[in-house]
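*Asks:* Structure incoming, see below.
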Amino acid sequence: MSSVKVIKASPFSLAIAEIAPDKSISHRSAMFAMLADGTSEIENFLRAEDTLNTLNIVKNLGAYIVDDGVTIKISSEGIKESSEILDCGNSGTGMRLFCGLLSSAEGHFVLTGDEYLRRRPMKRVTAPLRDIGAKLDGRNNGDLAPLSIRGASLRAFDYDSKIASAQVKSAMILAALRADGECSYSEPELSRDHTERMLKGMGAEIEVDGLTTRIKPMKKLLSPLKIRVPSDPSSAFFFAVAAAITPDSDVLLEGVTLNPTRIEAFRALEKMGADITYETTDNKYEPIGNIHVKYAPLKAITVEDNISWLIDELPALSIAFACADGVSVLKNAGELRVKESDRISTVVNGLRACGIEVDEVHDGYSVKGGELKASAIDSHGDHRIAMSFIIAGLRCGMNVTDLDCINTSFPNFFELLQKITKVEFL
């Protein structure tokens, strides 16, 4: 699929129960099953390219997998050396977490990915792992994939991270589970905490005290996971923005994780004036429930705190900025430059092409709200850029190219979009 033409939307009212399952939790559920004694059962696993690559890697590492189309059962007798190169596809989460998981496993492992992932920096994970004894290397002195890992004995650590990154934190927690003593990891602000929640639920000795996480090495294998993956709030957020920018519209997003570190973008949209309510329906590994979003006139805000909690949703939130009254400002978001694309540049250039006034700085931008104009946007192979500007098309009509990337995270995106408006595939 090379491009799509999106038709301006009429008012809509919609309940969506088919939002893509959460990508972060799907990745972790497959990986963490390798640490369990017994069979883990995972319902509603995200069947998208990124997460299926992770599942295939787990299989190549020796896990026995049974998939009946509803529940995936994973049994493992420990991580085995694979004769295959382990392909993470487009997933930075997959590559960085596998670095932590495999750094203490017996054997030699090679991680690679697609052309976009092979350009993304990995030293933020490889450097601290090397510091505790990991034998890990790659191009550009370990900063670029393919990465080579030879399992080693790891030293206990007290690591003070300079960035708030759930991927770095998760990799270090996974390494700590097999280190030679108790470890601690501190970060400048709390990043997403799925890893801590899930591993604690499996019996790992992990304690969180403010911005510091303490981890004791495993004395034995963990209890198997029994989990239904909730809907992904990052995916749901595209349709939240759709309702927030389309007059007289509303959407009910069902079965979404309500983890506080995952709904910050919804909180930002609330501050802009959108009418949003939350209902919790379950709370085992994660709080899960429904989010109802209603249109209301939006006003400009400044976003500068808890950036790691909404980093993935910032492109879509920027569409809301463009539809708001006033100048919205994004700060402290330099991490956007090392995602699937340089998302600061791609958002700025895309909004300017739509007639919106934007000022770019090194770690963000300011957006003066106005009337979006139909344009042609190149996603640059970035799924979140593609979907964000498709949602912008609900306001003004839009042509967006390079769409295959959407399958990495949200395979049924267009199926749901067509419940709102007409699209033409070109």
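The values are calculated or read from the model by the stated rules, or taken from the named source; none is laboratory data. The structure presented is a predicted model; accordingly, all values stated were derived computationally and were not measured. Using ideal geometry, Cβ is built from the backbone for each residue, glycine included, and neighbour counts are taken over all protein chains shown. Surface areas here come from the heavy atoms of the whole protein model, side chains and all, with no ligands, DNA or RNA. Shrake-Rupley method; radii C 1.70, N 1.55, O 1.52, S 1.80 Å.
*Asks:* For segment 245-256, indicate whether the set of residues that are out of contact with any helix residue (DSSP H, G or I) (no Cβ under 6 Å at 6 or more places or on another chain), within 30 Å of Phe32 (Cβ to Cβ) and either open to solvent by 30 Å² or more (accessible area, probe 1.4 Å) or hydrophobic (A, V, I, L, M, F, W, C) (or both) is non-empty.
*Replies:* yes
*Asks:* Can you list residue pairs whose Cβ atoms sit under 6 Å apart, with the first residue in segment 242-257 being over 26 Å from Lys284 (Cβ atoms) and the second being modelled with pLDDT of 95 or more and among the polar types (S, T, N, Q)? Count only pairs 6 or more apart in sequence or on different chains.
*Replies:* Close Cβ pairs satisfying both conditions: Ala243/Ser249; Asp250/Ser13.
*Asks:* May I ask you to say which residue of Glu313, Glu286 is modelled with pLDDT under 95 and open to solvent by less than 30 Å² (accessible area, probe 1.4 Å)?
*Replies:* Result of the check over Glu313, Glu286: Glu286.
*Asks:* Is it the case, given these coordinates, that Thr39 is at pLDDT 95 or above, surrounded by fewer than 17 Cβ atoms within 10 Å (Cβ to Cβ) and of a type in the set (Ser, Thr, Tyr)?
*Replies:* Answer is yes for this residue.
*Asks:* Restricting to segment 216-233, count the residues that are among the small types (Gly, Ala, Ser) and surrounded by fewer than 18 Cβ atoms within 10 Å (Cβ to Cβ).
*Replies:* First, the residues of segment 216-233 that are among the small types (Gly, Ala, Ser): 223, 231.
Now drop any that are not surrounded by fewer than 18 Cβ atoms within 10 Å (Cβ to Cβ), which leaves 223.
The total comes to 1.
*Asks:* Related question: Go through (1) in contact (Cβ under 8 Å) with a residue 40 or more places away in the chain; (2) open to solvent by 20 Å² or more (accessible area, probe 1.4 Å); (3) in a loop (DSSP other than H, G, I, E, B) one by one and return the number of the condition Asn332 breaks.
*Replies:* (1)
*Asks:* How about segment 125-215: which strands (runs of 3 or more DSSP E) wholly inside it have at least 3 residues that are farther than 16 Å from Arg96 by Cβ and open to solvent by 20 Å² or more (accessible area, probe 1.4 Å)? Walk me through how you get there before you give the answer.
*Replies:* Details: elements: 135-138, 144-150, 158-160, 183-186, 206-209, 212-215.
Ranges flagged: 206-209.
*Asks:* Now a separate question. Could you look through segment 3-36, keep only residues that are outside any helix (DSSP H, G or I) and among the β-branched types (Val, Ile, Thr), and pick out the one that is most open to solvent (accessible area, probe 1.4 Å)?
*Replies:* Per the stated criteria, the residue is Ile7.
*Asks:* Restrict the check to segment 8-21 and report whether at least one residue is in contact with a strand residue (DSSP E or B) (Cβ under 6 Å, 6 or more places away or on another chain) and among the hydroxyl-bearing types (Ser, Thr, Tyr).
*Replies:* Checking segment 8-21: at least one residue is in contact with a strand residue (DSSP E or B) (Cβ under 6 Å, 6 or more places away or on another chain) and among the hydroxyl-bearing types (Ser, Thr, Tyr).
*Asks:* Can you list residue pairs whose Cβ atoms sit under 7 Å apart, with the first residue in segment 260-279 being open to solvent by less than 70 Å² (accessible area, probe 1.4 Å) and the second being part of a loop (DSSP other than H, G, I, E, B) and acidic (Asp, Glu)? Count only pairs 6 or more apart in sequence or on different chains.
*Replies:* Pairs that qualify, where the first residue is open to solvent by less than 70 Å² (accessible area, probe 1.4 Å) and the partner is part of a loop (DSSP other than H, G, I, E, B) and acidic (Asp, Glu), are Thr261/Asp193.
*Asks:* Scan segment 405-425 residue by residue and report those that are out of contact with any Asp or Glu (no Cβ under 9 Å at 6 or more places or on another chain), in contact (Cβ under 8 Å) with a residue 24 or more places away in the chain and not β-branched (Val, Ile, Thr).
*Replies:* Phe413, Phe414, Leu417, Lys419, Lys422, Glu424, Phe425, listed by residue number.
*Asks:* Let me ask you something else. Within segment 65-92, count every residue that is in a loop (DSSP other than H, G, I, E, B) and either open to solvent by 50 Å² or more (accessible area, probe 1.4 Å) or closer than 22 Å to Val229 by Cβ (or both).
*Replies:* The first filter runs over segment 65-92 and keeps only residues in a loop (DSSP other than H, G, I, E, B), leaving 68-70, 76-85, 88-91.
Keeping just the survivors that are either open to solvent by 50 Å² or more (accessible area, probe 1.4 Å) or closer than 22 Å to Val229 by Cβ (or both) gives 68-70, 76-77, 80-81, 83-85, 88-91.
So the count comes out to 14.
*Asks:* How many residues does segment 115-173 hold that are within 23 Å of Lys23 (Cβ to Cβ), among the basic types (Lys, Arg) and touching a Pro at 6+ places or on another chain (Cβ under 8 Å)?
*Replies:* Matching residues across segment 115-173 total 1.
Each row is one residue, and each column tells you yes or no for (1) in a strand (DSSP E or B); (2) under 24 Å from the mean Cα position of the chain (by Cα).
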| position | (1), (2) |
| --- | --- |
| Tyr365 | yes, yes |
| Lys373 | no, no |
| Gly381 | no, yes |
| Ala386 | no, yes |
| Ile391 | no, yes |
| Arg395 | no, no |
| Asn399 | yes, no |
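*Asks:* Just one of (1) within 24 Å of the chain's Cα centre (by Cα); (2) closer than 25 Å to Pro233 by Cα trips up Val6, so point out which.
*Replies:* Unmet for Val6, out of (1) within 24 Å of the chain's Cα centre (by Cα); (2) closer than 25 Å to Pro233 by Cα: (1).
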